[in-house]
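Here, each number is a calculation from the coordinates, and none is a lab measurement. Everything numeric here is computed off the predicted structure, so don't read it as measured data. Every residue, glycine among them, receives a Cβ derived from its backbone with ideal geometry; neighbour counts consider all protein chains shown.
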Amino acid sequence: MLVQDRAAKPKSQIRDLPTQQQIRRFSEPKNLDFTSWVSENVSRIVVFFLFIVTAASFLFLYNTTDTASLLCFQSQSTQSLQPLARPQIKWSSIQVLPDKTSPYASFLTERWIVVSVTKYPTEELKGLVKIRGWQVLAVGNSATPKDWSLKGAIFLSLDAQAELGYRVLDHLPYDSFVRKSVGYLFAIQHGAKKIYDADDRGEVIGGDLGKHFDVELVGEDAKQEPVLQYSHENPNRTVVNPYIHFGQRSVWPRGLPLENVGEINHEEYYTEVFGGKQFIQQGVSNGLPDVDSVFYFTRKTTLEAFDIRFDEHAPKVALPQGVMVPVNSFNTLYHSPAFWGLMLPVSVSSMASDVLRGYWGQRLLWELGGYVAVYPPTAHRFDRIEAYPFAEEKDLHVNLCYG
Ligand SMILES: *[C@@H]1O[C@H](CO)[C@@H](O)[C@H](O)[C@H]1NC(C)=O
């Protein structure tokens, strides 16, 4: 029922091992002929043989097929893998990279809102700057006007980004929102403990990020309450559409595999999990929620803008280990234990980048005992009826395989 249950299982297997060895230590001396050796070691021989076959098929797949099918193969075989030993990292020996060049060199604050900007400041962005206690960081790209500025926001132009010396700069496309990766690093360098990953078309409802999100997970201000959690009774259910929980059964988020779009039943029951480790918090957006181009074009019957409302009284809901939701970069709060999961992949189309980031981030979060939770509407995004190119999502629908 709790997240901890599943994590505990491998430990009990490890504990069993010494007992078997003790039994063997006191058993009768062994006959050394080959047939009895084989019969005593059947299980080891089988395991060794399977290992060789697995390794060989991996090599074969790696050499003959594209990465997509390799990914599928890996995702199906993960369940039989033993946990890997983790590297020991001496955090204290890692040198801090100081900001010596930017005008904000000595500026430190804990709460950051990171947005990508391509056009002059929107009304919504002007609203984000007014949220008390949060610093807006606007990350430009090659299409952003050179004289972009907004009082209260820190703006990183392409030139300012280049000055920062981050190694990720060598890998980022110039004309894309994935340059936000520079922004996350800048925020971390300047004291971030929480990063609200936002969209300049989104208005925070009520101007208060703390209304629904759990901005504090520890300490006096943290809500010490159990969180509702999806059940994981059906092991075949690996991804859910969270919009159903928030009252919109016929809407699905960008990044939900299309084969799951038809699963529109309400939950029969929920479980609960201790609050405090929801290091990635996905907010739902009213107005134009984060939907894919398939939804956008098949549901648009008139030229009117979408104005979808979710149930703001539905409680937040957590995902158990083994079940995922699509996570985006428009309305998502990351806590520092999950900051490693912010980096946006650059080798996929732009509208697939944040969704992919969200899926691998969730999987790795389980290793920390963390989880994703989805929150009732925290933002309102306005449908400006702009082009919604399917091509930018192609890596979601065509090249991705959900295991
Ligand atoms: C899960 O999928 C397998 C294979 O398709 C099927 O045999 C099994 O009954 C499914 N389990 C549930 C609980 O639906």
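Values for this structure:
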quantity	calculated
Stokes-Einstein diffusion coefficient of the range 242-355, Kirkwood radius over Cα pairs, 4 °C, 1.567 mPa s, in µm²/s	82 µm²/s
Kirkwood estimate for the range 179-295, i.e. one over the average of 1/r between Cα atoms, Å	16.9 Å
FRET efficiency for His266 and Phe155, using Cβ-Cβ distance with R0 set to 35 Å, rounded to 0.05	0.20
Rg/Rg_ref, the range 106-169, where Rg_ref = 2.2 N^0.38 Å and atoms are Cα	1.12
Å³ per residue enclosed by the Cα convex hull of the range 91-200	105 Å³
Stretchable slack from Lys119 to Ser142, in nm (0.36 nm times residue separation minus alpha-carbon distance)	7.2 nm
Amide hydrogen neighbours beyond the local backbone of Gln135, cut-off 5 Å, H modeled	Arg111, Trp112, Ile113
Net lengthening on full extension, Leu169/Leu303 (0.36 nm per residue, minus Cα-Cα)	44.2 nm
Karplus-derived HN-Hα couplings along the range 278-294 (A = 6.51, B = -1.76, C = 1.60, θ = phi - 60°), whole Hz, x at Gly and Pro	7, 6, 10, 10, 9, x, 8, 10, 7, x, 9, x, 6, 10, 8, 5, 5
Compactness of the range 260-323, expressed as Rg and Dmax over alpha-carbon positions, Å	15.2, 45
nm² value of the averaged projected area, convex hull over the Cα atoms of the range 202-403	11.3 nm²
Sequence of Glu216, Glu267 once ranked by neighbouring C-beta atoms within 10 Å, starting from the fewest	Glu267, Glu216
